[in-house]
């Protein structure tokens, strides 16, 4: 089995600071929707490139950004990040969505376009899974951290997004519904670039307020993941679909280690 050279993964702070700087100018709530859409596209392209760059050491041949294409049931479509091989076709696809400003309406929340984003994700997952049912599809919705703080009597925008997206996560086998993703995460960031964390929507979120964030040595299973932990989780999902362990003749199984994910 060929070993690949170790690849240093950047911290979440490094990544979010680069993305925010290069995606600027950042729109505010009162700006025209066109400016908000353009910012979301720039942000997604930069984040996709960062994720792909940091996965390349493990997933050889990974491609990133809206310039890349992967085969879906109705021909090639764009994926933010895709990892394809001649043997597997699309092995891993990552789709990014984001909401960066509060709604202009009286609610002033981050839940506008919730139904549209969900429907786009489901159509995307179905298109790829229908053609390539063994592909691992991962969705990442990115929100500012203050989306956790706008709940009053009901759930926060963050909590609402977790509740809304959870039914479309957790596709465990290729035989399950194609419009579901294997994993869905919500990325939470501070607009000043001081924090970037990721929350698994299959974990129960706080109804209002912020989830526990990653801290070195923390053992709380309900906390957010750091950026390197997010990449670990994606690699493990990919490895689990193709090969999750090695069985010896005596019946003992050894889990594959992270440095074997890209072999």
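Any chance the stretch 87-107 includes a residue that's at pLDDT below 75 and within 21 Å of residue 237 (Cα to Cα)?
Yes, the stretch 87-107 contains at least one residue that is at pLDDT below 75 and within 21 Å of residue 237 (Cα to Cα).
Within the stretch 167-192, which residues are surrounded by fewer than 20 Cβ atoms within 10 Å (Cβ to Cβ), touching a strand residue (DSSP E or B) at 6+ places or on another chain (Cβ under 9 Å) and farther than 22 Å from residue 130 by Cα?
Result: 190, 191.
Of all residues in the stretch 54-79 being surrounded by fewer than 16 Cβ atoms within 10 Å (Cβ to Cβ) and under 19 Å from residue 97 (Cα atoms), which is modelled with the highest pLDDT?
So, considering only residues that are surrounded by fewer than 16 Cβ atoms within 10 Å (Cβ to Cβ) and under 19 Å from residue 97 (Cα atoms), the one modelled with the highest pLDDT is 78.
Inside the stretch 193-249, can you point out the residues that are at pLDDT below 80, in a loop (DSSP other than H, G, I, E, B) and either more than 17 Å from the chain's Cα centre (by Cα) or within 30 Å of residue 129 (Cα to Cα) (or both)?
215, 216, 217, 218, 219, 220, 221, 222, 243, 244, 248, 249
If you scan the stretch 118-163, which residues turn out to be closer than 18 Å to residue 195 by Cβ and part of a strand (DSSP E or B)?
140, 141, 142, 143, 144
I need the full set of residues from the stretch 7-52 which are under 20 Å from residue 228 (Cβ atoms), part of a loop (DSSP other than H, G, I, E, B) and out of contact with any helix residue (DSSP H, G or I) (no Cβ under 7 Å at 6 or more places or on another chain), in order please.
If the condition is that a residue be under 20 Å from residue 228 (Cβ atoms), part of a loop (DSSP other than H, G, I, E, B) and out of contact with any helix residue (DSSP H, G or I) (no Cβ under 7 Å at 6 or more places or on another chain), then 7, 8 are the ones that fit.
Taking the stretch 172-191, which residues are without any contact (Cβ under 8 Å) to a residue 40 or more places away in the chain and either in contact with a helix residue (DSSP H, G or I) (Cβ under 8 Å, 6 or more places away or on another chain) or within 21 Å of residue 230 (Cβ to Cβ) (or both)?
172
Could we say that residue 16 is under 16 Å from the mean Cα position of the chain (by Cα), closer than 23 Å to residue 147 by Cα and at pLDDT 95 or above here?
Yes.
Output the number of residues of the stretch 135-162 satisfying the condition of being touching a strand residue (DSSP E or B) at 6+ places or on another chain (Cβ under 8 Å) and within 24 Å of residue 172 (Cα to Cα).
10
For the stretch 13-40, which residues satisfy the criterion of being touching a residue at least 24 places away in the same chain (Cβ under 8 Å), surrounded by fewer than 19 Cβ atoms within 10 Å (Cβ to Cβ) and under 24 Å from residue 83 (Cβ atoms)?
Passing the criteria: 18, 22.
The values are calculated or read from the model by the stated rules, or taken from the named source; none is laboratory data. Since the model is a prediction, treat every value here as computed from it, not as a measurement. For neighbour counting, all protein chains shown are included, and Cβ atoms are generated from backbone atoms with ideal geometry for every residue, glycine included.
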